[in-house]
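Asks: I have a structure I would like to understand better, so I am pasting it below and will then ask my questions one at a time.
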Amino acid sequence: MTTYEIFSGVMLAFNDFHMERYECDFVADRRMLAIDHYREGRMDYAASDNLVAYTAAGDMKLDLREQHTGTFHFPSCHSHGLTVAFDRNIVKESLPCEVRDFPATPEKIVERWQLGSTPRVVRGAERMEHIFGEMYRVPEKIRIPYFKVKILELLLYLDAMTIPQVESERPYFYKTQVEKVEAIKRFLTEHVAENFTQEELLLHRVRHERKGRVRLRDRNALRQRKGDGS
């Protein structure tokens with residue numbers, strides 16, 4: 001990860017992950033707005049206790065970073081993109097010093113997009129490629145002033161663009177569904193030299209579900225014993 005301070009309260013980070021998963025313990029201690037762009041790869045993350053969401057190449061995510069802890073999975077073992085992060089309290093004071101009477105503030109973006117604890121994702125944000133795409137290929141000597149221009153352009157665009165009525169063509173997945181797919185993936189990886197029919201894979205999935213039910217039953221029983229004080 002390579003980070004730049006663009007001006008007071010505004011950070012730009014280029015994210016390059018070459019791993020299967022990343023354990024994140026980040027807890028925001030300030031009022032934030034983060035705008036993530038995904039250039040390559042895919043990332044799965046917990047959207048709630050029971051739902052898993054994912055972002056793919058070309059997606060843009062707007063996030064207050066109120067819930068950013070847990071495990072982030074990279075199915076292709078790599079992910080590349082960037083994050084523009086605003087400290088909303090600081091930017092409220094610093095932005096007018098950078099550009100007088102600038103109309104598109106992070107606070108206005110948060111209100112207009114009705115951001116809350118759950119991130120909002122714009123799928124396949126090709127219309128914004130002219131903003132994000134150019135940020136990946138800037139000569140070193142002009143990076144900071146160029147990044148500043150592009151980030152201001154990004155705020156203007158988010159303030160003016162039509163907000164998608166249907167936020168996602170790809171639904172969230174239930175955590176149990178993802179766990180089944182991951183179990184089959186691990187099974188195939190461990191037996192890469194063997195061939196399996198769909199019936200055999202189905203049998204493996206059923207066994208995995210039974211083990212999951214047993215673990216859930218044991219966990220509930222343990223909680224019950226603790227609740228009874230036994």
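The values are calculated or read from the model by the stated rules, or taken from the named source; none is laboratory data. Note that this is a predicted model, so its numbers are computed, not measured. With ideal geometry, Cβ positions are generated from the backbone for all residues, glycine too; neighbour counts draw on all protein chains shown.
Asks: What about residue 56, is it out of contact with any Pro (no Cβ under 9 Å at 6 or more places or on another chain), closer than 19 Å to residue 154 by Cα and touching a residue at least 12 places away in the same chain (Cβ under 8 Å)? Working first, answer last.
Replies: Details: out of contact with any Pro (no Cβ under 9 Å at 6 or more places or on another chain): yes; closer than 19 Å to residue 154 by Cα: no; touching a residue at least 12 places away in the same chain (Cβ under 8 Å): yes.
So residue 56 does not fit the description; no.
Asks: For residue 37, are the conditions met, namely being in contact with a Cys (Cβ under 8 Å, 6 or more places away or on another chain) and either of a type in the set (D, E, K, R) or surrounded by 17 or more Cβ atoms within 10 Å (Cβ to Cβ) (or both)?
Replies: no
Asks: Criterion first (exposed (fewer than 12 other Cβ atoms within 10 Å of the Cβ) and within 17 Å of residue 151 (Cα to Cα)) does residue 2 satisfy it? Quick ask: steps written out before the conclusion?
Replies: Numbers: exposed (fewer than 12 other Cβ atoms within 10 Å of the Cβ): yes; within 17 Å of residue 151 (Cα to Cα): yes.
For residue 2, the condition - exposed (fewer than 12 other Cβ atoms within 10 Å of the Cβ) and within 17 Å of residue 151 (Cα to Cα) - is met.
Residues checked against (1) modelled with pLDDT of 85 or more; (2) small (Gly, Ala, Ser):
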site: 3; (1), (2): yes, no
site: 43; (1), (2): no, no
site: 48; (1), (2): no, yes
site: 62; (1), (2): yes, no
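Asks: I would also like to ask the following. Is it true that some residue in region 75-90 is touching a helix residue (DSSP H, G or I) at 6+ places or on another chain (Cβ under 7 Å) and surrounded by fewer than 19 Cβ atoms within 10 Å (Cβ to Cβ)? Before you say what the answer is, go through the steps one by one.
Replies: So in region 75-90, the residues touching a helix residue (DSSP H, G or I) at 6+ places or on another chain (Cβ under 7 Å) come out as 82, 84, 86, 88.
Narrowing the set further to residues that are surrounded by fewer than 19 Cβ atoms within 10 Å (Cβ to Cβ) leaves 88.
The answer is yes, given that some residue of region 75-90 is touching a helix residue (DSSP H, G or I) at 6+ places or on another chain (Cβ under 7 Å) and surrounded by fewer than 19 Cβ atoms within 10 Å (Cβ to Cβ).
Asks: Looking at region 108-128, which of its residues are assigned to a helix (DSSP H, G or I) and surrounded by 15 or more Cβ atoms within 10 Å (Cβ to Cβ)?
Replies: Pass one, region 108-128, residues assigned to a helix (DSSP H, G or I): 108-112, 126-128.
109, 110, 128, listed by residue number.
Asks: Here are 62, 12: which of them is touching a helix residue (DSSP H, G or I) at 6+ places or on another chain (Cβ under 9 Å), outside any loop (DSSP other than H, G, I, E, B) and within 20 Å of residue 123 (Cβ to Cβ)?
Replies: Of the residues listed, the single one that is touching a helix residue (DSSP H, G or I) at 6+ places or on another chain (Cβ under 9 Å), outside any loop (DSSP other than H, G, I, E, B) and within 20 Å of residue 123 (Cβ to Cβ) is 62.
Asks: Let me ask something else. Do you know which residues across region 98-107 are under 26 Å from the mean Cα position of the chain (by Cα) and assigned to a helix (DSSP H, G or I)? Even if it seems obvious, please write down each step before you answer.
Replies: As a first pass, look at region 98-107 and keep what is under 26 Å from the mean Cα position of the chain (by Cα): 104-107.
Passing the criteria: 106, 107.
Asks: In addition: Just to be sure before I move on: is residue 101 of a type in the set (Asp, Glu) and surrounded by fewer than 18 Cβ atoms within 10 Å (Cβ to Cβ) in the structure I sent? Break it down stepwise before answering.
Replies: Details: of a type in the set (Asp, Glu): yes; surrounded by fewer than 18 Cβ atoms within 10 Å (Cβ to Cβ): yes.
For residue 101, the condition - of a type in the set (Asp, Glu) and surrounded by fewer than 18 Cβ atoms within 10 Å (Cβ to Cβ) - is met.
Asks: Okay, moving on. Testing residue 95 on (1) crowded, with 17+ Cβ neighbours inside 10 Å; (2) in a loop (DSSP other than H, G, I, E, B); (3) among the hydrophobic types (A, V, I, L, M, F, W, C), one condition comes back false. Which one is that?
Replies: (2)
Asks: Further question on the same structure: Any chance region 73-88 includes a residue that's part of a strand (DSSP E or B) and more than 17 Å from residue 35 (Cβ to Cβ)?
Replies: Of region 73-88, the ones part of a strand (DSSP E or B) are 73, 79-87.
Filter once more, keeping what is more than 17 Å from residue 35 (Cβ to Cβ): 73.
Yes - at least one qualifying residue is present in region 73-88.
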